[in-house]
Protein chains: 4
Amino acid sequence: MVKVAIIGASGYTGSDAIDILLKHNNAELTYLTALPEECGAVEDIFPKFKGRCGLEIEPLDFTKLAESAEVAFCCLPHKVSMGFVPKLLDAGLKVIDFSADYRIKDTAVYEKYYQQHTDKANLEKAVYGLPEFYREEIVGADLVANPGCFPTGLILGIGPLLKNNLIKINSIIDNAVTGSSGAGKNPSKNFHFPNMNENLFAYSIGCHRHMPEMEQIAANIAGDEVNILFQPHVGAFDRGILSTIYCEPKKSMTADNLAELYNEFYKDEHFVQVLDCAPHLKNVAETNYCHIYPAVSKGKVVVFSAIDNLVKGASGQAIQNMNILFGLDETDGLK
Amino acid sequence: MVKVAIIGASGYTGSDAIDILLKHNNAELTYLTALPEECGAVEDIFPKFKGRCGLEIEPLDFTKLAESAEVAFCCLPHKVSMGFVPKLLDAGLKVIDFSADYRIKDTAVYEKYYQQHTDKANLEKAVYGLPEFYREEIVGADLVANPGCFPTGLILGIGPLLKNNLIKINSIIDNAVTGSSGAGKNPSKNFHFPNMNENLFAYSIGCHRHMPEMEQIAANIAGDEVNILFQPHVGAFDRGILSTIYCEPKKSMTADNLAELYNEFYKDEHFVQVLDCAPHLKNVAETNYCHIYPAVSKGKVVVFSAIDNLVKGASGQAIQNMNILFGLDETDGLK
Amino acid sequence: MVKVAIIGASGYTGSDAIDILLKHNNAELTYLTALPEECGAVEDIFPKFKGRCGLEIEPLDFTKLAESAEVAFCCLPHKVSMGFVPKLLDAGLKVIDFSADYRIKDTAVYEKYYQQHTDKANLEKAVYGLPEFYREEIVGADLVANPGCFPTGLILGIGPLLKNNLIKINSIIDNAVTGSSGAGKNPSKNFHFPNMNENLFAYSIGCHRHMPEMEQIAANIAGDEVNILFQPHVGAFDRGILSTIYCEPKKSMTADNLAELYNEFYKDEHFVQVLDCAPHLKNVAETNYCHIYPAVSKGKVVVFSAIDNLVKGASGQAIQNMNILFGLDETDGLK
Amino acid sequence: MVKVAIIGASGYTGSDAIDILLKHNNAELTYLTALPEECGAVEDIFPKFKGRCGLEIEPLDFTKLAESAEVAFCCLPHKVSMGFVPKLLDAGLKVIDFSADYRIKDTAVYEKYYQQHTDKANLEKAVYGLPEFYREEIVGADLVANPGCFPTGLILGIGPLLKNNLIKINSIIDNAVTGSSGAGKNPSKNFHFPNMNENLFAYSIGCHRHMPEMEQIAANIAGDEVNILFQPHVGAFDRGILSTIYCEPKKSMTADNLAELYNEFYKDEHFVQVLDCAPHLKNVAETNYCHIYPAVSKGKVVVFSAIDNLVKGASGQAIQNMNILFGLDETDGLK
């Protein structure tokens, strides 16, 4: 049994990680931490675990952590995370980090969108945890940067086109709609139920922080600079991201070309399912699967990609990465 | 044109009152106030009024108020309201008060559920603004206590039974479900969209503050003491209260008896519609109507009553009261 | 009082037209028709009108129609509509047609997406009822083709750019999300509540029938052929269309350029409100307003346009057109 | 590995049973059947299983069934079920039946609410599959009548009171609200998304078919006749039943009495969790848990009971029963 700690367990990603790990046959939760004011019995913090989990969420104690776990899921906010990760690594744990701190290799870019980077040494060693594209690098890693939810939806959606150099790299538009859980657990005006219910709106116009992450990974896969216009929206539902991705093919493509390309590309990937019709967001909710449908409209390629933002877009992918790190069946706990 | 001021215009009831008054043919908004930090152009505070309302919400200035309005809708919280109402009356305005401060005649009861009452003089003169039962008293009033949303649903639902002394007065159970707008506009954990969506739960178990208001009015109508078990719940929708009211008839009643009684009782009431099937909450949303269906089940009477909590349960009823106060058609602005 | 008939009153657009006309000061409903199996008292067909509307929906009788109304709202499906419109015109009525039958001037295009056109004579005379662009033509018209909901959102969104010849006419992508009322009132698998709730998906991939209407009107405004990639989606909410429109400017534009252009262009239009932030769909629900925010992202222009699909996208716009046809205040019944 | 067949696998309960069994460590799906027109690959019938389940849903073949399975989940409608169950038993399978056909022991009562009973022999042998009350009988049974969803919520909610003879048996009112999945998968007018969304309404007023089932089981537990007023409602959410149960205690009870009684009564029951505050329906969604809070209000006992109607109210409970039948850990697949 792989022994797992969660650092920052009191939020939505923590809750989903706990949920999956409770069902995992070859891993067990051993230690959970959060800020002191968010500590307590798991079943008090998340009443849905009443009777299902006897653990406490405690203030972090590195000694205790080192003794109880082999791997830490670091579910901390950006900036805070890079203050903890070096210590977790020093304590001999493998780390899967949920923040953006180890995703963006170019610190100049990182520092433009976030803040000064204080752990460049580990940043260099970090591996981007999107198994469908970086599985081999993940195998031996100590530090995995778990991808952002929007980048996961986008890259799985157009990865096959990028990899095969089939699209004009200045033509990509990612129009994405996320469920409200993407906002995190802190109440705010926009997410107050009477305001959010029956609503839909765009945000981060022109400047979402997932954009540089997307461009870096897309460029890495394409072997060339890639320019992405990413526009997120939020809708009145709990879970999921539907990415509708528009791009121009270098040469004319048909629906059949796309179906063949995608089915071949993902034929060995358990968690990516290529459909022949539009994915319904509801069909991926509470799962680690990505449903993709590549289509052609007015000469452009339009790819529809659906994931659960908290599972394949966060905690499920983290467990997929953990399974790889520890030589387990990649689907363990996630089927 | 009746000139209307709204004191405390920045919340949900203020917004609905503005909406209705913008469509009113014989009344006009002249003055809007709120706490300094919630002031600004109406179209900035409520973007849905963009281009529809050129007014500002300003900090309250009594001189300006007295000059610009004949009637004030006082949409302030309990306790705060009774600090303002005397001054509004002194300034020569008629007042329709949305708080509980002038609803409960027995100050001992009021003080048990709320706090010390500081305006007993006006409390005595206040009229309970449920037109279907107190229309004649409202006509000449200076101060109308606009009913609570739950009491409105309950009293309209069982008023005909109370008035005719047909039910055992210790047998009444009001099981009500309100939409989330009942919680007001301030974000909180329970009403954070990812927590409230797809949810349903009871609250104020054993002790909701609408209970004494219900019992006082029910007793007044029945001419006898009445005991009510009121249990509110909140559901994942914006608007409406569905009250399912259980009670025991003194002597056996049939569905036909009830239909006849209710149809006769409400035959001249425009805003109360007696149905012959279960009311759908959606059919009263954004209207001032109450849909009622009285039924029999296992020998008990079960009455279903549906209103919009913000309209018939608050702002619409206030405008109905205003129409009565100023001799207008009672349905003006509300059809 | 303008006397109004609704042909095909039993659907969602009929319901919204009734709702608005009940509040209209200078128009009145006089005659309502539907298929025999959908006839009955308005308050039985739509329980929300209980006590609010004493009319019957009856099988169509042309003589009765001609006697009772001056204008007919023709809310019939495509193809059916062009069988009735000539007779309505012959009966001396002005007609506002909700179907696509009189929107597309090029019958070859119409026949590709729909079916053979059987009323080419009237098609030629029909005026496209988007007042913000065709007000002068509407004034004297006998037959108004009320625009589609998606084309309304799109054209209002990029009209100022088209009119001023500022965008590359092959670069337009309209990513739109509509509420479920767009599907009409007939139950179907996708719109069964347990399937649609918490869901979001694309449909009509590559071929929505609103595309040629969009392209025709866009071309007419731009004075040049226009190519539009239109991709609709449906979300789990009742009302509204949020169009996120991407296009490439001919020469670089700033947010300030756009704000100036749009504010100037729409300064006299009551129902189009230019915002300086992302529109929230909820703010236009149940209104005839369009909220627009033009922005710049990664060098492209991104315009957000929000309407209520049943109001500005159908019945409200029809009443706006009716107001113009009969010389009434354009905002009558719609404020 | 227990080999499981599902008869009638194409509905919502079938889907949930498949979902749970895919995660079960000691049981495996071997055979799935449905009506011919609903057959096909599981991943086509339920796209959420794409890539997760390679089985076909086939027309029923008894020989094949007998060869491939040890236990059959019979997810057929009332009446249809009792036509199949005898053959399933004859084929040597244990049967867990989801319909009402084997729940009501008194055929006169059954025939009043349903139709003639055609399998009285097996009816006598059937065991009511509510493990918290009938675990010992279930152990050796061949035929388990899986309880209805509403009865499950009710009986778990007041079972401790009934068992200890603490309530007046004519005083019980069960006011329940179910999610829309309770309506099954066939589209209908009331459950058409634009009608159901933002809605809430009562149904089966006076006569729901779960009433006699409730009364029989309650009487069996109480050892005395019990009279229950059951009033169901349906709300605009997918999953769950919140039962708010009112009853009169024989002698006065306090919140502390109730807490002690319930905690003691359910202390060894994994799937029943006694809370000290109102249960949130969302916390039991997609789980086999029942959250209960017993309270006192105005001298009456009010019990709140929350379950997922498709899990503890159907498929999860069936798997709990299967685990008992085959000597597995009762929580297998359900944690």
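The values are calculated or read from the model by the stated rules, or taken from the named source; none is laboratory data. What you are looking at is a predicted structure, and each value in this text was computed from that prediction instead of being measured. Ideal geometry is used to build each Cβ from the backbone, glycine not excepted, and the neighbour counts take in all protein chains shown. To get the accessible areas, we keep the full protein, side chains included, count just its heavy atoms, and leave off ligands, DNA and RNA. Shrake-Rupley method; radii C 1.70, N 1.55, O 1.52, S 1.80 Å.
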Over the alpha carbons of segment A:71-142, what is the largest minus smallest coordinate on each principal axis, giving the biggest first in Å? 30, 28, 20
Summarise the accessible area of segment C:1-59 (1.4 Å probe, protein heavy atoms) by the percent that is carbon and sulfur. 50
Using only Cα atoms and rounding to the nearest 10 degrees, what angle (0 to 90) does helix C:149-163 make with the longest principal axis of chain C? 40
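For C:224-234, what's the mean count of beta carbons from other chains sitting within 10 Å of each residue's beta carbon? All intermediate terms of the calculation are to be shown ahead of the outcome.
Details: counts 0, 0, 0, 2, 1, 6, 2, 10, 0, 8, 1.
Per residue, the average neighbour count from other chains is 3.
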Send over the semi-axes of chain C's equivalent ellipsoid, whole angstrom and largest first, taken as the square roots of 5 times the C-alpha gyration tensor eigenvalues. 32, 22, 20
Can you list, largest first and rounded to whole Å, the semi-axes you get for segment B:234-335 by taking the square root of 5 times each eigenvalue of its Cα gyration tensor? 27, 17, 10
Relative contact order [Cα under 8 Å, 6+ residues apart], chain A, whole percent: 17
Return the whole-Å distance between the Cα centroid of segment D:239-281 and the Cα centroid of segment B:126-165. 36
Let me check against my output: what whole-number percent is the relative contact order of segment C:57-139, with C-alpha pairs under 8 Å and at least 6 apart? 24
Cα-Cα P(r), segment C:1-100, percent of pairs per 5 Å interval: 3, 14, 27, 27, 19, 8, 2
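So how many Å³ per residue does the convex hull of the Cα atoms of segment A:114-237 work out to?
140
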On a 0 to 90° scale, report how tilted helix C:316-325 is relative to the longest principal axis of chain C, with both axes built from alpha carbons and the result rounded to the nearest 10. 80
Note the angle between two axes, namely the Cα long axis of helix D:80-90 and the longest principal axis of the Cα atoms of chain D, as a number of degrees from 0 to 90, rounded to the nearest 10. 70
So, in nm, how far is label C:ASP61 from label D:GLU225 when the simple model puts each one 7 Å beyond its Cα toward the Cβ? 5.8
Partner shielding of D:15-24, as the mean number of partner chain Cβ atoms within 10 Å, equals 1
Any chance you could look up the accessible area of C:LEU55 with a 1.4 Å probe, heavy atoms only, rounded to 10 Å²? 50
Protein accessible surface hidden between C and A, which excludes ligands and nucleic acids, total in Å², probe 1.4 Å: 3600
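Please report Rg over Rh for segment C:29-182, where both radii come from the alpha carbon positions and Rh follows the Kirkwood definition.
For segment C:29-182, the value is 1.02.
Just to verify a number: FRET efficiency for A:LYS267 and D:ALA41, C-beta to C-beta distance, R0 = 22 Å, to 0.05?
About 0.80, to the nearest 0.05.
Quick one: accessible area per residue over chain D, 1.4 Å probe, rounded to a whole number of Å²?
On the way: 11380 Å² over 335 residues.
With the other protein chains kept in place, chain D gives 34 Å² per residue.
Considering Cα pairs under 8 angstrom that are at least six residues apart, work out the relative contact order of segment D:166-295 and quote it in whole percent.
Working: 188 pairs, mean separation 43.0, N = 130.
Worked out over segment D:166-295, it gives 33 percent.
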Per-residue HN-Hα couplings for segment D:176-184, Karplus 6.51 cos²θ - 1.76 cosθ + 1.60 at θ = phi - 60°, whole Hz, x for Gly and Pro? 10, 10, 9, x, 6, 5, x, 7, x
Using a 1.4 Å probe on heavy atoms of the protein chains only, the accessible area for B:VAL80 in Å², nearest 10, reads 60
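Checking a compactness column here: for the protein assembly as shown, what do you get for Rg(Cα) / (2.2 N^0.38 Å), N being the number of residues?
Normalised Cα radius of gyration, the protein assembly as shown: 0.93.
Set the Förster radius R0 to 22 Å, insert the Cβ-Cβ distance between B:LYS168 and B:LYS105 as r into 1/(1 + (r/R0)^6), and round the FRET efficiency to 0.05. It would help to have the intermediate numbers written out before the result.
On the way: r = 24 Å, r/R0 = 1.11.
The formula returns an efficiency of 0.35 here.
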Taking Cα centroids, how far is segment A:293-311 from segment A:9-52 in Å? 33
Summing -39500 (n - 2.57) over every DSSP H run of at least 4 residues in chain D and dividing by its residue count gives a helix-only mean residue ellipticity at 222 nm, to the nearest 500 deg cm²/dmol, of -9000 deg cm²/dmol
